[in-house]
Amino acid sequence: MDKSSGITPLRAWVLAARPKTLAGAAVPVLIGCALAAEAGCFGWVPGLLCFGFAFLMQIDANLINDLFDYKKGSDGEDRLGPDRAVSKGWITPKAMTCGIVITTVAACVVGLSLLFFGGMELIVLGVVCVVFAFLYTAGPYPLAYHGWGDVLVLLFFGFVPVGGTYYVMCHEWTMSVGIASLASGLVVDTLLMVNNYRDRGQDARNGKRTLVVVWGARAGRMLYLLLGVVAVGLCLVFWFEGIRWAGLLPLLYLPLHVAAWRKMGRIGEGKQLNRLLGETSRNMLLFALLFSGGLLIG
């Protein structure tokens with residue numbers, strides 16, 4: 001711990017957990033719970049356990065990224081994003097490793113409790129979640145460094161948590177769940193797109209080939225806009241299925257999303273883009289609340 005920084009141990013761990021990113025974990029579980037409620041099979045206990053597992057896995061992934069980005073030398077003095085705990089000396093690599101082990105075990109314990117509601121097949125899903133939390137930035141082929149970040153967001157903030165939450169309570173998969181899963185993954189990917197847009201220069205120097213690095217800044221801005229627009233468009237499917245409010249209410253998300261996109265273009269580069277992280281987190285949580293509310297009304 002770097003005592004000269006003025007960061008207390010507790011605050012260091014809170015910052016390392018990156019609480020602002022927990023909205024990304026909440027969005028798909030909230031949508032999954034709403035889908036289950038609309039289908040008449042929602043349960044408070046499995047719902048809360050799904051939230052707990054999602055939050056712990058998100059924190060676990062953040063701690064893993066903090067440690068392994070440090071080991072790769074990606075968190076240098078030119079870092080534009082929020083400070084990382086290990087690179088700043090707030091938490092030692094050894095302590096961070098212990099924190100990762102504890103968080104992983106805690107997530108597994110919560111995940112195992114879901115077997116009482118969803119069945120033994122959930123073990124495979126839980127193992128996949130844990131493995132890919134490490135593969136994202138760890139190992140000889142870190143997926144985030146080879147352009148797989150957006151695909152993984154669609155899977156692990158869309159199909160896996162939305163479908164998994166619904167399956168735990170309803171024990172089935174439907175086409176509507178698949179559409180909602182894709183919408184969830186797309187809207188959460190806006191947060192990753194902001195990060196990658198901000199870090200495009202540093203990522204290029206560190207050999208991290210995100211979509212923004214490969215396709216350019218202009219493409220990154222357009223992708224940010226399209227992710228939210230397509231997510232809202234997918235919700236319109238529910239209008240045609242007779243759940244009209246689930247198709248209409250997400251339209252209220254669009255003005256805020258477009259406003260954030262315009263601000264993204266005005267700022268262009270630098271640390272000021274960090275302001276968009278909070279706005280994007282707020283917007284995607286609003287999307288989940290609007291969509292979920294529409295499902296419940298329907």
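Would you check if Phe134 is buried (at least 23 other Cβ atoms within 10 Å of the Cβ), out of contact with any Lys or Arg (no Cβ under 7 Å at 6 or more places or on another chain) and closer than 15 Å to Ala61 by Cα? It is false that Phe134 is buried (at least 23 other Cβ atoms within 10 Å of the Cβ), out of contact with any Lys or Arg (no Cβ under 7 Å at 6 or more places or on another chain) and closer than 15 Å to Ala61 by Cα. The single condition among (1) part of a loop (DSSP other than H, G, I, E, B); (2) within 22 Å of Leu186 (Cβ to Cβ) that Thr137 does not satisfy is (2). Residue under question is Gly52, and the condition is that it be of a type outside the set (A, V, I, L, M, F, W, C), more than 23 Å from the chain's Cα centre (by Cα) and either in a helix (DSSP H, G or I) or surrounded by fewer than 19 Cβ atoms within 10 Å (Cβ to Cβ) (or both); does it hold? No, not satisfied. Quick one: is Asp150 out of contact with any Ser or Thr (no Cβ under 6 Å at 6 or more places or on another chain), of a type outside the set (Val, Ile, Thr), closer than 20 Å to Lys20 by Cβ and surrounded by fewer than 21 Cβ atoms within 10 Å (Cβ to Cβ)? Yes: the conditions hold for Asp150.
When the range 168-191 is filtered for residues that are part of a helix (DSSP H, G or I), surrounded by fewer than 24 Cβ atoms within 10 Å (Cβ to Cβ) and free of Cβ contacts under 8 Å to residues at least 60 places away in the same chain, the ones remaining, listed by number, are Met175, Gly178, Ile179, Leu182. Out of curiosity, is Ala204 among the small types (Gly, Ala, Ser) and modelled with pLDDT of 95 or more? Against the criterion (among the small types (Gly, Ala, Ser) and modelled with pLDDT of 95 or more), Ala204 does not qualify.
When Val128 is tested against (1) assigned to a helix (DSSP H, G or I); (2) touching a residue at least 60 places away in the same chain (Cβ under 8 Å), just one condition goes unmet, and that condition is (2). For the range 156-199, which residues satisfy the criterion of being farther than 25 Å from Phe134 by Cβ and of a type in the set (D, E, K, R)? Passing the criteria: only Glu172.
When Gly73 is tested against (1) farther than 23 Å from Phe287 by Cβ; (2) surrounded by fewer than 22 Cβ atoms within 10 Å (Cβ to Cβ); (3) in contact with a helix residue (DSSP H, G or I) (Cβ under 7 Å, 6 or more places away or on another chain), exactly one condition is not met: (3).
The values are calculated or read from the model by the stated rules, or taken from the named source; none is laboratory data. This is a predicted model, so every value here is computed, not measured. Glycine also receives a Cβ, built like all others from the backbone with ideal geometry; neighbour counts cover every protein chain displayed.
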